[in-house]
1. How about segment 55-79: which of its residues are within 16 Å of the ligand (Cβ to nearest atom) and either out of contact with any Asp or Glu (no Cβ under 6 Å at 6 or more places or on another chain) or at positive phi (or both)?
2. Quick one: in segment 30-60, of everything that is at pLDDT 75 or above and of a type in the set (Ser, Thr, Tyr), which residue is farthest from the chain's Cα centre (by Cα)?
3. Name the residues in segment 34-57 that are out of contact with any helix residue (DSSP H, G or I) (no Cβ under 8 Å at 6 or more places or on another chain) and not polar (S, T, N, Q), would you?
4. I need a count of the residues in segment 66-77 that are touching a strand residue (DSSP E or B) at 6+ places or on another chain (Cβ under 8 Å) and not in a strand (DSSP E or B).
5. Starting from segment 2-20, keep only residues that are more than 17 Å from Asp82 (Cβ to Cβ) and free of Cβ contacts under 8 Å to residues at least 24 places away in the same chain, then list their pairs with residues that are within 14 Å of the ligand (Cβ to nearest atom) and among the basic types (Lys, Arg) whose Cβ atoms are within a distance under 8 Å, requiring at least 6 positions of separation or different chains.
6. Residues being in contact with a Phe, Trp or Tyr (Cβ under 6 Å, 6 or more places away or on another chain) and either of a type in the set (Asp, Glu) or surrounded by fewer than 16 Cβ atoms within 10 Å (Cβ to Cβ) (or both): count how many of those fall in segment 45-71.
7. Within segment 1-32, count every residue that is more than 16 Å from the ligand (Cβ to nearest atom), in a loop (DSSP other than H, G, I, E, B) and loosely packed, with under 12 Cβ neighbours inside 10 Å.
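The values are calculated or read from the model by the stated rules, or taken from the named source; none is laboratory data. Nothing here was measured: the structure is a model prediction, and the numbers come from that model. For neighbour counting, all protein chains shown are included, and Cβ atoms are generated from backbone atoms with ideal geometry for every residue, glycine included.
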Amino acid sequence: MSKILCKCGNMMAVHTMEEDFLYDLIPQKALMDIVGKWKNIRADIYPDSLTNLYNQFRKDVYICPVCNRLLIESDEDPNLFDSYVKEAK
Ligand SMILES: [Zn+2]
């Protein structure tokens with residue numbers, strides 16, 4: 001189980017990987033590469049090939065349900081998260 005504390009004070013704990021605040025972030029180009037390789041992966045005897053390929057490119061993203069901040073896995077350290085707040089109009 002992973003959990004992360006938002007700057008607003010809200011704790012988001014992952015129990016099932018189906019929480020509404022949990023997202024993946026993946027470059028569109030990487031996703032298209034994965035889709036392009038899907039034909040070969042389908043024939044692979046290892047069912048985790050697609051997941052392994054996807055996980056090479058994805059980042060964990062949390063959207064705090066209290067303050068709507070985005071917390072995105074850091075490029076420098078996957079144990080740290082960069083926090084983003086929507087700009088006011
Ligand atoms: Zn928050």
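1. Once the filter is applied, which keeps residues that are within 16 Å of the ligand (Cβ to nearest atom) and either out of contact with any Asp or Glu (no Cβ under 6 Å at 6 or more places or on another chain) or at positive phi (or both), segment 55-79 yields Val61, Tyr62, Ile63, Cys64, Pro65, Val66, Cys67, Asn68, Arg69, Leu70, Leu71.
2. Out of the qualifying residues, it is Ser49.
3. Listed by number, the residues that qualify are Val35, Gly36, Lys39, Arg42, Ala43, Asp44, Ile45, Tyr46, Pro47, Asp48.
4. So the count comes out to 2.
5. Qualifying pairs under 8 Å: Met11/Lys3; Ala13/Lys3; Val14/Lys3.
6. 1
7. The qualifying residues number 6.
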